[in-house]
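Peer 1: The structure that follows is given in the form of C-alpha cells.
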Amino acid sequence: MSVIAFAKNWNGKFKNSSFELVSYTKALANQLNTNMVVLSIGEVAEEELKLLGNYGADKVLTVSDPQLNTLTSRAYADIVAKAAESVGAEVIVLSDNNSGKAIAPRVSVKLKAGLVAAVQELPVSFEPFVVKKRVFSGKAFGHVQIKSDKKVLTIAKNCFGLLEASCVVAIEEFAVDIDTSLFKVKIVEEEEQKDKVILSDADVVVSAGRGMRSPENWAPVEELAEVLGAATACSRPVSDEGWRGHEEHVGQTGKVIAPNLYIAAGISGAIQHVAGISRSKCIVAINTDPEAPIFGVADYGIVGDVMDVLPRLTEAFRNSKS
Amino acid sequence: MKILVCISNVPDTTTKVKFKEGDSLFDDSGVQWIINPWDELALTRAMELKEDAGNSVNEICVIHVGGASADATLRKALAIGADKAVRIDACPADAYHVAGQIAEYLKENPFEIIFSGIESSDYNGSSVGAMIAEFMDYPGISSVTSVNLDDDDIQVNRAIPGGKQVLKTETPFVAVVQKGIAMEPRIPSMRGIMMARKKPLEVKPAAELEVLTESIKFELPQEKGACKMIDSESAEQLVDLLKNEAKVL
Ligand SMILES: Cc1cc2nc3c(=O)[nH]c(=O)nc-3n(C[C@H](O)[C@H](O)[C@H](O)COP(=O)(O)OP(=O)(O)OC[C@H]3O[C@@H](n4cnc5c(N)ncnc54)[C@H](O)[C@@H]3O)c2cc1C
C-alpha cells in the first residue's frame, strides 16, 4: 500500500499549492504508516522536482514527455490512474484547482475509487475512512465516508499549510504509453496576463463592490493592491455591470478563494458573496454603513468612505514598508 | 444537433442551512428549491444556441437524477425553454452515482453536447460533468466560459489562471461551465409556463450502480469572534494589527 499525490506544474514550475499538496500527502502517509510517491506530468527540470523534497517527498515519478506539457485531462487522468496502480496506491491526492477538478473525477471512474472534493483537513478517521469537506458553499462542513478500497481526494487551497522537511528525492521516469487518441481537444489560442497577480493564487486580495459607485473610481483599489502585491477582486454586480472582468468575481457563483488577507471595500457582505471568501484567514471590511453584514464576518472593520480610507491605507502600508 | 443540460436541484442561495437527526441529514423544511445557478446559465446558453439559425441545434433536453420533489424544478427548466425533461428516479447518492445514471441514459440516447455546471451549490462536488465524460469516453472541457457554434463547428473558451484559452473539439463532448457562459439566466415567460405543462417529463427507472461514498454527518462552521473596529483616521493601527496581531502580512 502507499499514497500518491499528483503535483501539477505551470510552465515547468511548481506553486505553493503544489508544496501544500505534498505536505498534506506526506502527513497522510505518516498517519497510514506508509510511503508517499509524487507524480509529475510534463517536462520539469530536475532542480524543480528536487524542491518537492523540502516538503517530504522522497520519491518522484515523472512522465517528462513534451506532448504532455499542456494539460489534457483525459491523458493526465489515464497516467495518474496507471501510476496509482503501479505503486499500489490506496489514496490518490490532488489539489482542488482547475486541473484537479478536471482530472480527479476521471481517475475516480477509472479506478472505481470514491472521490471527495475540497477536503479541509487530514481524515477524521481511517476505519472507516472519513474526510471533512466544505458543503453548501461554505455554510457548513460534511463528514463523508469513502467506502471503496481506493480513494481519491482533492484538497482545498490553504487548508493545511506547508510542512517543511529535508528529503533527498529519488527521481524516476515512469514509463507509460501515451494514448494520443485522447488528445481530442485542440488549443487554437491562448492569452495569459503575465504581469498580474493571479486571484486564485494570491495571499492578499483587495476586493471592491458597488460602494465604489463607478468603474472610474478603481484607482485607489489598484494602488492598494499594488503596494500589497495583492490580486484584485470584486463582487458580482460589479462584474455583471462590466465594471470589472468576470475573472475577478468572487462568491458563490464566482471564484471561491482562501487568501491570508481579504480586504472588502464597499461590499455589503451578502450571503452569496461571503460563501466565496469565508475561508480567508483574515477579513478587513471598509463600509460607510456600520450595520453592513460584512462586519459580521470581518476580523477588522473601518466605518468610512472607501474614497478616503483606501488611499490612507495605501499610504500606511507604503510607509510601513520603507 | 442535440444538447443535454444536467440539472441539479439545490436550496435557494439565501437558505440558512440546518440539519436534523443528530446532524446526519440536511433539514429541508421550509427550503425553496432552485435550478443550480450554473445549470440555469448553461440552459440559457443552450437556448441561445438553438435560437441562432447559424447551426443545427434542434433539441434541448434537461436531465436530473432524483426523486419526484424535483419535478417543479424540471418544469421550470421546461418553462425557460427546454424541449424535454428526463428524471432518473434514484436517490442521488454521490457524484459517481449521479454521473453513472446519466451515462446509462446517454448510451441509449446520444447527444452531441452535454452541459454540466462547475459545481452544485449543495454538496460542492464539482465532479459530475468530468465523470460523465469518463464513463462515456468523451472529451471534456472544464472551466468553460463560452461555447460558440459556427455552422456546427464548435469553439469553446476556457478560463485558465490569469487568462483564457480558445479550444476546438469534436462531438460528442462534455462542457463543464462556469460564470460567463451566459450573461443572465432566463426567466420563464407566462407563455413558457403554459407550454411547459404540455412538454414531456419522462421518468426513467434507475440503473443498478454502486455508491462509493456516504455522507455521515454535518457541522456548522465556528462562529467568528467580534469584528474589531478601527477609526477611519487610524490606518497605521490597522497595518500594525495585521502585522502583529493577525500576522497575515
Ligand atoms: C443566485 C445568486 C448568486 C449570487 N452570487 C454572488 C456571488 O458569487 N458573489 C457576489 O458578490 N454576489 C453574489 N450574489 C449577489 C449578492 O446577493 C449581492 O447582491 C452582492 O454581493 C452585492 O454586491 P455589493 O456588496 O458590491 O453591492 P451592495 O449590496 O449594493 O453593497 C454596496 C455596499 O457598499 C457600501 N457603500 C456605499 N458607498 C460606499 C462608500 N462610499 N464607501 C464605503 N462603502 C460604501 C454600502 O453601505 C453597501 O454595504 C448572488 C445573488 C444570487 C441571487
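The values are calculated or read from the model by the stated rules, or taken from the named source; none is laboratory data. None of the values given here were measured: they were computed from a predicted structure. Here the Cβ positions follow ideal geometry from the backbone for every residue, glycine too, while neighbour counts run over all protein chains shown.
Peer 1: So which of B:98, B:86, B:57, B:65 is more than 16 Å from the ligand (Cβ to nearest atom), closer than 22 Å to residue B:132 by Cβ and over 18 Å from the mean Cα position of the chain (by Cα)?
Peer 2: On the way: B:98 fails: over 18 Å from the mean Cα position of the chain (by Cα); B:86 fails: over 18 Å from the mean Cα position of the chain (by Cα); B:65 fails: over 18 Å from the mean Cα position of the chain (by Cα).
Of the residues listed, the single one that is more than 16 Å from the ligand (Cβ to nearest atom), closer than 22 Å to residue B:132 by Cβ and over 18 Å from the mean Cα position of the chain (by Cα) is B:57.
Peer 1: Answer yes or no as to whether residue A:225 is at pLDDT 95 or above, more than 13 Å from the ligand (Cβ to nearest atom) and under 30 Å from residue A:118 (Cα atoms).
Peer 2: Spelling it out, residue A:225 is indeed at pLDDT 95 or above, more than 13 Å from the ligand (Cβ to nearest atom) and under 30 Å from residue A:118 (Cα atoms).
Peer 1: Name, by its number, the condition in (1) under 17 Å from the mean Cα position of the chain (by Cα); (2) within 14 Å of another protein chain (Cβ to nearest Cβ); (3) more than 16 Å from the ligand (Cβ to nearest atom) that does not hold for residue B:38.
Peer 2: Unmet condition: (3).
Peer 1: State which residue pairs qualify: first residue farther than 16 Å from residue B:215 by Cα and inside the stretch B:12-27, second residue small (Gly, Ala, Ser) and within 16 Å of the ligand (Cβ to nearest atom) in any location, beta carbons under 9 Å apart, and separation of 6 or more residues or different chains.
Peer 2: B:13/A:137; B:13/A:275; B:13/B:121; B:14/A:270
Peer 1: Tell me, please, whether a residue that is more than 29 Å from residue B:108 (Cβ to Cβ) and either in contact with a strand residue (DSSP E or B) (Cβ under 8 Å, 6 or more places away or on another chain) or not polar (S, T, N, Q) (or both) can be found in the stretch B:201-213.
Peer 2: no
Peer 1: Give the residue that is farthest from the other protein chains (Cβ to nearest Cβ), with candidates limited to residues of the stretch B:151-192 that are touching an Asp or Glu at 6+ places or on another chain (Cβ under 7 Å) and of a type in the set (S, T, N, Q).
Peer 2: This residue is B:171.
Peer 1: Looking for something farther than 30 Å from residue A:271 by Cα and in a loop (DSSP other than H, G, I, E, B) - is there at least one such residue anywhere in the stretch A:199-218? Before you say what the answer is, go through the steps one by one.
Peer 2: Step one: of the stretch A:199-218, the residues farther than 30 Å from residue A:271 by Cα are none.
Checked the stretch A:199-218: no residue is farther than 30 Å from residue A:271 by Cα and in a loop (DSSP other than H, G, I, E, B).
Peer 1: Take residue A:317 and decide whether it is touching a residue at least 12 places away in the same chain (Cβ under 8 Å) and more than 15 Å from the ligand (Cβ to nearest atom).
Peer 2: Considered against the rule, which asks whether it is touching a residue at least 12 places away in the same chain (Cβ under 8 Å) and more than 15 Å from the ligand (Cβ to nearest atom), residue A:317 comes out as yes.
Peer 1: Could you check the stretch A:259-286 and list, in sequence order, the residues that are surrounded by fewer than 23 Cβ atoms within 10 Å (Cβ to Cβ), at pLDDT 95 or above and within 14 Å of the chain's Cα centre (by Cα)?
Peer 2: The one that is surrounded by fewer than 23 Cβ atoms within 10 Å (Cβ to Cβ), at pLDDT 95 or above and within 14 Å of the chain's Cα centre (by Cα): A:260.
Peer 1: Would it be correct to say that residue B:24 is within 12 Å of chain A (Cβ to nearest Cβ) and away from the ligand (no atom under 16 Å from the Cβ)?
Peer 2: Details: within 12 Å of chain A (Cβ to nearest Cβ): yes; away from the ligand (no atom under 16 Å from the Cβ): yes.
Judged against the criteria, residue B:24 is a match.
Peer 1: From the residues in the stretch A:246-262 that are touching a helix residue (DSSP H, G or I) at 6+ places or on another chain (Cβ under 7 Å) and within 23 Å of residue A:290 (Cβ to Cβ), which one is farthest from the other protein chains (Cβ to nearest Cβ)?
Peer 2: Out of the qualifying residues, it is A:251.
Peer 1: Another question about this same structure. Out of the residues in the stretch A:74-127 meeting the condition of being more than 19 Å from residue A:156 (Cα to Cα) and of a type in the set (Asp, Glu), tell me which one is surrounded by the most Cβ atoms within 10 Å (Cβ to Cβ).
Peer 2: A:78
Peer 1: Here are some conditions: (1) assigned to a helix (DSSP H, G or I); (2) at pLDDT 95 or above; (3) away from chain B (no Cβ under 12 Å). Residue A:106 meets all but one. Which one does it not meet?
Peer 2: (3)
Peer 1: Working only within the stretch A:248-258, note down all residues that are of a type outside the set (A, V, I, L, M, F, W, C) and either within 8 Å of the ligand (Cβ to nearest atom) or modelled with pLDDT of 95 or more (or both).
Peer 2: A:248, A:249, A:251, A:252, A:253, A:254
Peer 1: Criterion first (crowded, with 22+ Cβ neighbours inside 10 Å and either in a helix (DSSP H, G or I) or at the interface with chain B (Cβ under 7 Å from one of its Cβ atoms) (or both)) does residue A:144 satisfy it? Give the steps one after another, and end with the answer.
Peer 2: Numbers: crowded, with 22+ Cβ neighbours inside 10 Å: yes; either in a helix (DSSP H, G or I) or at the interface with chain B (Cβ under 7 Å from one of its Cβ atoms) (or both): yes.
Judged against the criteria, residue A:144 is a match.
Peer 1: What do you reckon, is residue A:244 on the phi < 0 side of the Ramachandran plot, surrounded by fewer than 24 Cβ atoms within 10 Å (Cβ to Cβ) and more than 9 Å from the ligand (Cβ to nearest atom)?
Peer 2: It is true that residue A:244 is on the phi < 0 side of the Ramachandran plot, surrounded by fewer than 24 Cβ atoms within 10 Å (Cβ to Cβ) and more than 9 Å from the ligand (Cβ to nearest atom).
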